[in-house]
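Nothing in this text is a laboratory measurement; each read-out follows from the coordinates by a stated rule. Source: prediction; values computed, not measured. Cβ sites come from the backbone with ideal geometry, for glycine too, and all protein chains shown count toward neighbours.
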Amino acid sequence: MNILILGAGGREHAFALKLKESKKINQLFVAPGNAGTHKIATNISINPTDFEAVKKTVLENDVNMVIVGPEAPLVAGVHDFFLADEVLKNIPVIGPKKDGALLEGSKDFSKQFMQKHGVPTARYKSFTKENLTEGFNFLETLEPPYVLKADGLAAGKGVLILNSLEEAKTELEEMVSNKKFGEASTTVVIEEFLKGIELSVFVLTDGKNYKILPSAKDYKRIGEGDTGLNTGGMGAISPVPFADDAYLKKVEELVVKPTIAGLQKDGIDYRGFIFIGLMNDNGNPSVVEYNVRMGDPETEVVLPRIKSDLLDLFEGVANQNLNEKSFSVINDIATTVMLVSGGYPESYEKNKEITGLENVTESTVFHAGTTLNNNKVVSAGGRVMAVTSIGNTIEEALEKSYRSIDKIHFDKMNYRKDIGFDLT
Ligand code: AMP
Ligand code: GLY
């Protein structure tokens, strides 16, 4: 089969590397890809939300299946575009249609969905500038800290957690009346603050059947000890020690089953990944958010632990016989540490030459923001690469990642030296 992966990050490099293992793969394309995917696949320089360009790529290269990495093309309707097109309609797309993608594309929709289908989540209400005063009143009924979420996609920046009521009121007004996050904050979800430790659970579904993939924990803050600004993710670990079999069974019963059943009840034919962001409060899971794709950098620790043929699983999604597919996972621990550009997540410089990659022997380097410039690998984004290692313990895997990182260099390279600090 010829496969096209849409996206350009570490997640897509991890998909590409995993799919390369499949005996069923003929040609692999990544659009637009990065310097890492360039080495193992054919990069096609198009924007994944330019559906006509995606169509041209599919037809020119006899692509048999499309795997969508990021949320933007899904929320914009890439799967619907394929189904509506006479020549593309039989080419499977891994990723939900617009209706399912709303689970990530609209926080208000996803909260309504959870409430309707009995999925545990924080109490909430949604507000617009028309009922701003009611929003102020609702805030007064809550205890600090206050959680305000822009309804729409806001590049991971749309969630504010505020300690004072006055600040929360000011920010709410900024969001709905002054469009702090543009159209994304026309509606704002206000919800109760959840205590506990976060965990990500990943589900692959064909709309009827599902497989629960390895769980992972992401380290979102830029600074050590989980301090400073939020990032896309600075590192990840899989599995998560507190998410043992009994806990995951609880998550399956309380969250996964009602989610899949809810999609079916609402007539949403969902084919793809569901990334469930959970807060674990003393053994009780509560859903913080759904994403309609895999996480990044979580994919860089989840996929290396899957033994099964990923393409075979994707065929199960496309043919709705995922239940017939075998699925197994290695017990070892995977860790990844993200190397980022100095200054990220605020302003940073790009086009820094990256050296020493050829000396890395005990880890896999997944490229994120990299590109080729005169045949040299250079940085092209804030998150530059994820260094993944496997070990019998978290400590052993992390030691390998950090030894590998010592061999990699670029100007102003930054990374967290404490990934896993709360789990080891
Ligand atoms: P979201 O985009 O909904 O995942 O929110 C971003 C981050 O904000 C989450 O990963 C949590 O760390 C935090 N967060 C969101 N909602 C809550 C909540 N209700 N209680 C506590 N933390 C939250
Ligand atoms: N690492 C978090 C995310 O992919 O949204």
Given backbone amide H placed at 1.01 Å from N, residues whose amide H is under 5 Å from that of residue 377, ignoring those fewer than 5 places away on the same chain, are 354
If the only charges are +1 at each Lys and Arg Cβ and -1 at each Asp and Glu Cβ, what is the size of the charge dipole of the chain around the Cα centre, to the nearest 20 debye? 700
Whole angstrom only: what separates the Cα centroid of the range 373-424 from the Cα centroid of the range 144-205? 30
Any chance you could list P(r) for the range 300-372, counting all Cα-Cα pairs in 5 angstrom bins from zero, rounded to whole %? 3, 11, 16, 16, 14, 13, 11, 10, 6, 1
Scaled radius of gyration (Cα, divided by 2.2 N^0.38 Å) that the range 275-314 gives: 1.45
Determine the gain in length on full extension of the stretch residue 229-residue 24; use 0.36 nm per residue of separation and subtract their C-alpha separation, reporting nm with one decimal. 69.5 nm
If you plug each phi of the range 344-349 into the Karplus form 6.51 cos²θ - 1.76 cosθ + 1.60 with θ = phi - 60°, what whole-Hz ³J(HN,Hα) values come out, in order, with x for Gly and Pro? 4, x, 8, 6, 8, 9
For the range 208-213, just list the computed ³J(HN,Hα) in residue order, Karplus coefficients 6.51, -1.76 and 1.60, θ = phi - 60°, integers in Hz, with x standing in for Gly and Pro. 10, 9, 8, 10, 8, 7
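Counting DSSP beta bridges with both partners in the chain, what percentage is antiparallel, nearest 5?
Details: 61 of 75 bridges.
Bridges in the chain that DSSP calls antiparallel: roughly 80 percent.
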Approximate spin-label separation residue 246-residue 312, in nm, with each point projected 7 Å along Cα-to-Cβ: 3.3
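If you average 1/r over all unlike Cα pairs in the range 272-420 and invert the result, what Kirkwood radius do you get in angstrom? Don't skip to the answer; put the middle values down first.
Details: mean 1/r = 0.0578 Å⁻¹.
Kirkwood hydrodynamic radius for the range 272-420: 17.3 Å.
Rg to Rh for the chain: what is it, with Cα atoms only and Rh by Kirkwood?
0.95
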Charge dipole (debye, nearest 20) of the range 72-194; +1 at Cβ of Lys and Arg, -1 at Cβ of Asp and Glu: 300
Charges only on Cβ, +1 for Lys and Arg, -1 for Asp and Glu: so what's the dipole of the range 1-44 about the Cα centre, in debye to the nearest 20? 140
Karplus-derived 3J(HN,Hα) from phi for the range 229-245 (6.51 cos²θ - 1.76 cosθ + 1.60, θ = phi - 60°), whole Hz, x at Gly and Pro, runs 5, 6, 10, x, x, 9, x, 7, 9, 9, x, 9, x, 6, 8, 7, 4
